[in-house]
Amino acid sequence: MISLEAKILKAIQTNKLNLEILGERNWYHYFIRVTPLVWSRNNHDGYQIEIYTDNSKIKHLGTVKI
């Protein structure tokens with residue numbers, strides 16, 4: 001079974017998950033929140049993706065920072 005982080009990274013590489021669209025949305029059978037990360041020094045700007053089971057956001061499955 002593929003880990004959730006690997007699934008997210010593969011979806012970004014194949015353009016099935018667009019990071020340009022910020023905010024909360026459904027993605028396959030998950031509910032995700034994409035937030036931009038802006039660093040003040042020496043780090044590349046990126047994104048934080050929080051993954052939940054469904055719209056109720058009861059069970060947090062993980063957080064991926066890219």
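Structural remarks
- Dipole size of the chain about its Cα centre, with +1 on Lys/Arg Cβ and -1 on Asp/Glu Cβ: approximately 100 debye, rounded to the nearest 20.
- Over the chain, DSSP H runs of length four or greater, each weighted -39,500 (n - 2.57), average out per residue to a 222 nm ellipticity of -4500 deg cm²/dmol.
- A 1.4 Å probe run over the chain, with the rest of the protein chains in place, finds 75 Å² accessible per residue.
- With Cα atoms, 0 to 90° folded angle of helix 4-13 axis to the chain main axis: 60 degrees
- Applying 1/(1 + (r/R0)^6) with r as the Cβ-Cβ distance of Asn43 and Leu19 and R0 = 25 angstrom yields a FRET efficiency of 0.90.
- Top positive-direction residue, dipole computed over the chain with Cβ charges, set Val64, His44, Val34: Val64
- Here the accessible area is traced with a 1.4 Å probe on the protein chains. For the chain, carbon and sulfur cover 51 percent of it.
The values are calculated or read from the model by the stated rules, or taken from the named source; none is laboratory data. Just so you know, these numbers come straight off a predicted model, no measurement behind them. Because the Cβ atoms are built from the backbone with ideal geometry, glycine has one as well, and the counts that use them run over all protein chains shown. In case anyone asks, the SASA skips ligands and DNA or RNA and just uses the protein heavy atoms, side chains included. Shrake-Rupley method; radii C 1.70, N 1.55, O 1.52, S 1.80 Å.
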